[in-house]
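Engineer: Below is one structure. I have some questions about it.
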């Protein structure tokens, strides 16, 4: 079982979002933090997750005293640092995608502006953007907008540019088919169903079923619903490069018939701009596509917060193991209406840094069988995490 680095995730500020259009020499009092951002990006591009975290920790608070970095960036780096040996190559490919999106390189500035304009157009114009002010609204689009991601990385070549100009050979060597990801077209799909470790989609273009690892891409999708996304190659199969976008059957079929025209199809879709914007708002994903709030509501809905904050992480880990024990005792893949996919929620919870950190102290001898069964039921990398936990916690005793 990977050891914890003992790091805590950070929350973001508006200054962190502003980094995309400024250079260190023009930041004035912000220059130390601007240089830290450049250094952190360079460390990530080398594949040095721990080194990036150390830079972020050294500049944790901004000049206003607020925490400085995006929370999901810190979380993803902690997961890579703690779980690195068991992570499949597609995690590195996704990491490269996320790095490309946050790149400071001057060669990506025009690309970023164009992707932003297109994303805003699809939302119905600047007046429809959420946020406290202009900077916050810009950050929400750049960080969370599904259309921005697709335009920047794929249609406008951001992923290919980052891989060719910025990513180290070491980082690229650890990735899985990321060069092919950059040229993968959009597609239209219908959800058929899921098991504990796979999700099956019907490819509307070929009318063939495609199975992908159950990392949460269909956690909030009901069988029979339609979506669009990029089904990229990985070792042994395919997966979605990020969560697919759930839309009407009509739109999904149109995209399947003309993948290169997906943006105009969405722009002309009958759904309102507000509805489309609400469907695509999300945080970047890496190891799992299950939003933290979703697995927390699914697993921790009846947990009362303890009086001492330090007791929270062990309490969460204990609850995750107890819920897992019930699931493996009577496994079922049939979801009731309104329910989320419990298996992907369990995987996401087990991969949470605080759970990885406290598993060693919380696990009981009775949890061995649960972890062994989970290692056979869940998709990677959660399955390997459970196998390692059994080996370290029980076999080595």
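The values are calculated or read from the model by the stated rules, or taken from the named source; none is laboratory data. Please read these numbers as outputs of a predicted model, since none were measured by experiment. Because the Cβ atoms are built from the backbone with ideal geometry, glycine has one as well, and the counts that use them run over all protein chains shown.
Engineer: For residue 123, indicate whether it is in the same structural domain as residue 97 (by TED's automatic domain parsing), under 24 Å from residue 348 (Cα atoms) and surrounded by 15 or more Cβ atoms within 10 Å (Cβ to Cβ).
Structural biologist: Against the criterion (in the same structural domain as residue 97 (by TED's automatic domain parsing), under 24 Å from residue 348 (Cα atoms) and surrounded by 15 or more Cβ atoms within 10 Å (Cβ to Cβ)), residue 123 does not qualify.
Engineer: Next question. Could you run through the stretch 260-285 and say how many residues are in a helix (DSSP H, G or I) and at pLDDT below 85?
Structural biologist: At the first step, the residues of the stretch 260-285 found to be in a helix (DSSP H, G or I) are 260-267, 273-280.
Among the residues that remain, those that are also at pLDDT below 85 are: 273-280.
Here the count works out to 8.
Conditions tested, residue by residue: (1) assigned by TED's automatic domain parsing to the domain that holds residue 52; (2) buried (at least 18 other Cβ atoms within 10 Å of the Cβ); (3) at pLDDT 95 or above.
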site: 149; (1), (2), (3): yes, yes, yes
site: 155; (1), (2), (3): yes, no, yes
site: 160; (1), (2), (3): yes, no, yes
site: 168; (1), (2), (3): yes, no, yes
site: 179; (1), (2), (3): no, no, yes
site: 188; (1), (2), (3): no, yes, yes
site: 197; (1), (2), (3): no, yes, yes
site: 204; (1), (2), (3): no, yes, yes
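Engineer: What pairs come up if the first residue lies in the stretch 290-302 and is at negative phi and outside any helix (DSSP H, G or I), the second is buried (at least 16 other Cβ atoms within 10 Å of the Cβ) and at pLDDT 95 or above, and their beta carbons are under 6 Å apart, counting only those six or more places apart or on different chains?
Structural biologist: Final answer for the pair search is 290/216; 290/344; 290/345; 290/348.
Engineer: Please go through the stretch 373-393 and pick out each residue that is farther than 20 Å from residue 213 by Cβ and free of Cβ contacts under 8 Å to residues at least 60 places away in the same chain.
Structural biologist: 390
Engineer: What is the residue count in the stretch 206-230 for residues that are closer than 23 Å to residue 377 by Cα and not in a loop (DSSP other than H, G, I, E, B)?
Structural biologist: Of the stretch 206-230, the ones closer than 23 Å to residue 377 by Cα are 209-223.
From what is left, the residues that are not in a loop (DSSP other than H, G, I, E, B) are 209-213.
Of the residues in the stretch 206-230, 5 are closer than 23 Å to residue 377 by Cα and not in a loop (DSSP other than H, G, I, E, B).
Engineer: Please verify whether the stretch 181-200 includes one or more residues that are part of a helix (DSSP H, G or I) and under 30 Å from residue 45 (Cβ atoms).
Structural biologist: yes
Engineer: Is it fair to say residue 348 is closer than 23 Å to residue 85 by Cα and either out of contact with any strand residue (DSSP E or B) (no Cβ under 8 Å at 6 or more places or on another chain) or assigned by TED's automatic domain parsing to the domain that holds residue 369 (or both)?
Structural biologist: Judged against the criteria, residue 348 is a match.
Engineer: Identify the residue in the stretch 42-62 that is in contact with a helix residue (DSSP H, G or I) (Cβ under 7 Å, 6 or more places away or on another chain) and touching a residue at least 40 places away in the same chain (Cβ under 8 Å) and, among all such residues, is surrounded by the most Cβ atoms within 10 Å (Cβ to Cβ).
Structural biologist: 44
Engineer: Tell me yes or no: at least one residue of the stretch 333-354 is farther than 25 Å from residue 90 by Cα, surrounded by 16 or more Cβ atoms within 10 Å (Cβ to Cβ) and without any contact (Cβ under 8 Å) to a residue 60 or more places away in the chain.
Structural biologist: no
Engineer: Could you please let me know if residue 23 is modelled with pLDDT under 90, within 27 Å of residue 217 (Cβ to Cβ) and surrounded by fewer than 19 Cβ atoms within 10 Å (Cβ to Cβ)?
Structural biologist: So residue 23 does not fit the description; no.
Engineer: Let me ask another. Is it the case that the stretch 206-221 has a residue that's surrounded by 20 or more Cβ atoms within 10 Å (Cβ to Cβ) and more than 30 Å from residue 123 (Cβ to Cβ)?
Structural biologist: First pass over the stretch 206-221, keeping only residues surrounded by 20 or more Cβ atoms within 10 Å (Cβ to Cβ): 212-219, 221.
Adding the requirement that they be more than 30 Å from residue 123 (Cβ to Cβ) leaves 213-214.
Yes.
Engineer: Further question: Going by the structure shown, is residue 311 in contact (Cβ under 8 Å) with a residue 24 or more places away in the chain and in a helix (DSSP H, G or I)?
Structural biologist: No, not satisfied.
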